[in-house]
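I have a structure here, written as structure tokens, and I will follow up with some questions on it.
The values are calculated or read from the model by the stated rules, or taken from the named source; none is laboratory data. Note that the structure is a prediction, hence the values are computed from the model and not measured. Cβ: placed from backbone, ideal geometry, glycine included. Neighbour counts: every protein chain shown.
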Amino acid sequence: MDAIAGLLDGPRARRAFLLRCTLDPPWAIRIEDEAPLSVVAMLRGSAWFVPDHGEPITVGAGDVALVRGPDHYLFCDEPATPPQAIIHPDQRCTTPDGEELGQMRAFGVRRWGNSPHGSTEILTGTYNLEGEVSRRLLGALPPRLVLRADEWQTPLLGLLAEEMLRDEIGQDAVLDRLLDLLLVAAVRAHFTRTAADAPGWFRAQSDPVVSRALRLMQDDPAEAWTLARAALQRRRWSAADGVPDRVALGARRRPAPRSNRNHRLRRPEGRLPLRLRPQRRLQTRAGD
């Protein structure tokens, strides 16, 4: 498991809030749901993303934005357009006065807006609970980032948008996994694009020595790893021409065939198992 996989492994989206909004100007939606992370993609048209703290950002067709909570922000056709709808926690929607919303309405499965054929269409995927996204991932991301359509390519956005209009058995699970995949692709593209400023654990993947040592430790976290132990294992990996050490050492961990098991259990007198040998000796071997 590499660093990105480990970062996103574990708790994932569970019945994430997914919606396609179709809108005609003038429109403005203020987001106050305080969700830990939202994925916002422009399917067509353009919009302005106006955070409470920061400069407005324009987003166009094919662009994808990752927005960290709990800060509030505005999506609108123009920064001067006053909010018409407020999205509260638990995705409750009201007017700015707190009344029932009349201008916006549903147009079918996971579709909503002020016009069924609006010139602008926005796909929103929201991770509502902090446990659905690891704190390590949230800490590695900026408060907001935008991936432009000409900076990356992924078939996942179109696939997720298409699946959102279907209502079949198990559809929630399908949509959750597609949202996770889109998030993984976006995070990977962002860190690759900004490699110089990416976290150290991501930059380490491009170093052939460090990345192999990290992979060994990630594959066997129960091992009592030391720098010398990792260096020794990495040398064995290299000697096997790239075959992971867990393969090369598999015979040591698997039971021996019955015919020679007793022979394999014998050890020259006074010779300690590898894990119990003095550390100084391991360091000497690793530095040869």
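Answer yes or no as to whether A41 is assigned by TED's automatic domain parsing to the domain that holds A161, touching a Gly at 6+ places or on another chain (Cβ under 9 Å) and crowded, with 19+ Cβ neighbours inside 10 Å. So that I can check it myself, show each step before the final result.
On the way: assigned by TED's automatic domain parsing to the domain that holds A161: yes; touching a Gly at 6+ places or on another chain (Cβ under 9 Å): yes; crowded, with 19+ Cβ neighbours inside 10 Å: yes.
So A41 fits the description; yes.
Test D150 against the criterion of being in a loop (DSSP other than H, G, I, E, B) and farther than 17 Å from E32 by Cα, and give yes or no. Working first, answer last.
Values: in a loop (DSSP other than H, G, I, E, B): yes; farther than 17 Å from E32 by Cα: yes.
Yes, satisfied.
Also: Criterion first (assigned by TED's automatic domain parsing to the domain that holds A186 and either surrounded by fewer than 12 Cβ atoms within 10 Å (Cβ to Cβ) or in contact (Cβ under 8 Å) with a residue 60 or more places away in the chain (or both)) does F107 satisfy it? Show your work before the answer.
Numbers: assigned by TED's automatic domain parsing to the domain that holds A186: yes; either surrounded by fewer than 12 Cβ atoms within 10 Å (Cβ to Cβ) or in contact (Cβ under 8 Å) with a residue 60 or more places away in the chain (or both): yes.
Yes; evaluated as a whole, the condition is true for this residue.
Still on this model: Check region 110-118 and report whether any residue there is without any contact (Cβ under 8 Å) to a residue 60 or more places away in the chain, part of a loop (DSSP other than H, G, I, E, B) and either of a type in the set (V, I, T) or within 24 Å of I57 (Cα to Cα) (or both). First the steps, then the outcome.
In the first step, residues of region 110-118 are kept if they are without any contact (Cβ under 8 Å) to a residue 60 or more places away in the chain; the result is none.
No, the conditions are met nowhere in region 110-118.
With assigned by TED's automatic domain parsing to the domain that holds C21 and exposed (fewer than 13 other Cβ atoms within 10 Å of the Cβ) as the only criterion, which of P83, P89 stands out?
Values: P83 fails: exposed (fewer than 13 other Cβ atoms within 10 Å of the Cβ).
After ruling out the rest, the residue left standing is P89.
Residue by residue, here is whether (1) free of Cβ contacts under 8 Å to residues at least 60 places away in the same chain; (2) out of contact with any strand residue (DSSP E or B) (no Cβ under 8 Å at 6 or more places or on another chain) holds:
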site	(1), (2)
Y127	no, no
L138	no, no
R144	no, no
L157	no, no
A161	no, no
L165	no, no
I169	yes, yes
D172	no, yes
D176	no, yes
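Taking A161 and the conditions (1) farther than 14 Å from L18 by Cβ; (2) part of a helix (DSSP H, G or I), which numbered condition does it fall short on, given that it satisfies the others?
All conditions are met except number (1).
Only one of (1) loosely packed, with under 11 Cβ neighbours inside 10 Å; (2) touching a Pro at 6+ places or on another chain (Cβ under 9 Å); (3) closer than 14 Å to D33 by Cβ is not met by H53, so which one is it?
In the conditions (1) loosely packed, with under 11 Cβ neighbours inside 10 Å; (2) touching a Pro at 6+ places or on another chain (Cβ under 9 Å); (3) closer than 14 Å to D33 by Cβ, H53 misses (3) alone.
For region 78-126, give me each residue that is among the small types (G, A, S) and farther than 23 Å from L66 by Cβ.
Start the filter on region 78-126 by keeping residues that are among the small types (G, A, S), which leaves 80, 85, 98, 102, 106, 108, 113, 115, 118-119, 125.
Once the filter is applied, which keeps residues that are among the small types (G, A, S) and farther than 23 Å from L66 by Cβ, region 78-126 yields A80, G98, G102, A106, G108, S115, G118, S119.
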